[in-house]
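Novice: Below are the structure tokens for one structure; questions will follow.
The values are calculated or read from the model by the stated rules, or taken from the named source; none is laboratory data. This structure is a prediction, so every number in the text was calculated from the model and none was measured. As a convention, Cβ positions derive from the backbone with ideal geometry for all residues, glycine included, and neighbour counts pool all protein chains shown. All accessible areas refer to the heavy atoms of the entire protein, side chains included, with ligands and DNA or RNA removed. Shrake-Rupley method; radii C 1.70, N 1.55, O 1.52, S 1.80 Å.
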Amino acid sequence: MNERAATFEKTPGWLDWHPRPSKPGFVPPPGAVDAHCHVFGPGAKFPFAPERKYTPCDASKDQLYALRDHLGFSRNVIVQATCHGSDNRALVDAIAHSNGRARGVASIKPEISDDDLNALNAAGVRGVRFNFVKRLVDALPREPLMEIASRIRPLGWHIVIYFEAPELPELYDFFTSLPTPVVVDHMGRPDVSKPVHGPEFELFIKLMCENENFWSKVTCPERLSNEGPPHYADVAPFARRVVEEFPDRVLWGTDWPHPNLKSHMPDDAWLVDFIPRIATTPQLQQKLLVDNPMRLYWPEEHKGEAQ
Ligand code: 0GY
């Protein structure tokens, strides 16, 4: 790259990732996958996108893989963050240096060429992300998203959707018209001060119930909780319900390096120790952390579920 090294100033108040997370008490099963995490830059090598809504701290692939090993995980699914726009170079570079232990979810534009799409596939990308969170991206028209959906479908990719619970009624029909597997980030960001069997979360449960192509990440207690760390007790009933009702369609991830947190930065061990509170048996933990993400991201290695 012959661009001049860019320097980036973090968004004021930006919380950096925890420098020395402790060792979790929970030991993940062999082969566990952190299925939602990001890399940020480093900005000097992989500049942040001009259209971004925030400028993060750097969070490199080496730092991500050190965390993976420290927490007892084997693999990562790296999700393109909005601060990199549709420039997937940092993501592709991270996958390329993972020894086959990372796959990716990219952001693309409908005008991407077949060659570039095939190159992302060869690099280990297995999905695209559609982001509907208004503070993160400008509103996305539906037609180009549908066009992307039909371009990626022949590759066997899926679509990751990110939205907040109040937006679901309006987006519901569009989501159910998507022609691929669909993975919902962070359970559709429920308001956990509302009842777990109340109308807002029931709509999300209905989406999952009536559409077998839908999966959910039971992620981000640190983002959703009002009670806060280290137990995030108010989020647990929501995540536990999703794990128990849809044990074969749930994924878990750290969300490292935790973009846009305002209240606190978690010790990542707290997030790992949240797992046995939402997946309460070894069988559920095996599905959540190994079988499900392997089926979606490494199907060629997936040997079928241990029952
Ligand atoms: C997340 C959440 C957030 C940010 C992004 O792409 C992003 O910028 O994903 C957020 O601010 O809620 O999934 O990590």
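Novice: Six or more apart or on different chains, Cβ under 6 Å: which pairs go from a residue in the stretch 241-266 that's of a type in the set (Lys, Arg) to one that's away from the ligand (no atom under 13 Å from the Cβ)? Could you list them?
Specialist: Pairs found: 241/196; 249/215.
Novice: Exactly one of (1) buried (at least 16 other Cβ atoms within 10 Å of the Cβ); (2) modelled with pLDDT under 95 is unmet by residue 83. Its number?
Specialist: The single condition residue 83 does not satisfy is (2).
Novice: Another question, then. Looking only at the stretch 117-155, count every residue that is of a type in the set (Gly, Ala, Ser) and in contact (Cβ under 8 Å) with a residue 40 or more places away in the chain and tell me the total.
Specialist: Of the residues in the stretch 117-155, 1 are of a type in the set (Gly, Ala, Ser) and in contact (Cβ under 8 Å) with a residue 40 or more places away in the chain.
Novice: Please work out which one of (1) over 23 Å from residue 15 (Cβ atoms); (2) crowded, with 19+ Cβ neighbours inside 10 Å is the condition residue 198 fails and give its number.
Specialist: If we test residue 198 against (1) over 23 Å from residue 15 (Cβ atoms); (2) crowded, with 19+ Cβ neighbours inside 10 Å, just (2) comes out false.
Novice: While we're on this one: Hey, can you tell me all the residues within the stretch 50-69 that are within 11 Å of residue 6 (Cβ to Cβ) and within 13 Å of the ligand (Cβ to nearest atom)?
Specialist: Passing the criteria: only 55.
Novice: Next question, about the same structure. Looking at (1) closer than 21 Å to residue 68 by Cβ; (2) among the aromatic types (Phe, Trp, Tyr); (3) more than 18 Å from the chain's Cα centre (by Cα), can you tell me which one residue 252 breaks?
Specialist: For residue 252, the failing item is (3).
Conditions (1) open to solvent by 60 Å² or more (accessible area, probe 1.4 Å); (2) of a type outside the set (Asp, Glu); (3) within 16 Å of the ligand (Cβ to nearest atom), marked per residue:
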site: 128; (1), (2), (3): no, yes, yes
site: 133; (1), (2), (3): no, yes, yes
site: 143; (1), (2), (3): yes, no, no
site: 151; (1), (2), (3): yes, yes, no
site: 154; (1), (2), (3): yes, yes, no
site: 165; (1), (2), (3): no, yes, yes
site: 171; (1), (2), (3): no, yes, no
site: 179; (1), (2), (3): no, yes, no
site: 186; (1), (2), (3): no, yes, yes
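Novice: In the stretch 169-188, how many residues are farther than 18 Å from residue 133 by Cβ and either assigned to a helix (DSSP H, G or I) or of a type in the set (Ser, Thr, Tyr) (or both)?
Specialist: 4
Novice: Would you confirm, using the coordinates I've provided, whether residue 91 is out of contact with any helix residue (DSSP H, G or I) (no Cβ under 6 Å at 6 or more places or on another chain) and either away from the ligand (no atom under 14 Å from the Cβ) or open to solvent by 60 Å² or more (accessible area, probe 1.4 Å) (or both)?
Specialist: Taking the combined requirement at face value, the residue does not satisfy it.
Novice: Could you give me the residue pairs with C-beta distances under 8 Å whose first residue belongs to the stretch 186-214 and is farther than 15 Å from residue 172 by Cα, whose second residue is assigned to a helix (DSSP H, G or I) and among the basic types (Lys, Arg) wherever it lies, and which are 6+ apart or on separate chains?
Specialist: Here the result reads 186/223; 196/241, each pair linking the stretch 186-214 to a residue that is assigned to a helix (DSSP H, G or I) and among the basic types (Lys, Arg).
Novice: Right, another one. Taking residue 32 as the residue in question, decide whether it is of a type in the set (A, V, I, L, M), under 23 Å from residue 250 (Cβ atoms) and at pLDDT 95 or above.
Specialist: It is true that residue 32 is of a type in the set (A, V, I, L, M), under 23 Å from residue 250 (Cβ atoms) and at pLDDT 95 or above.
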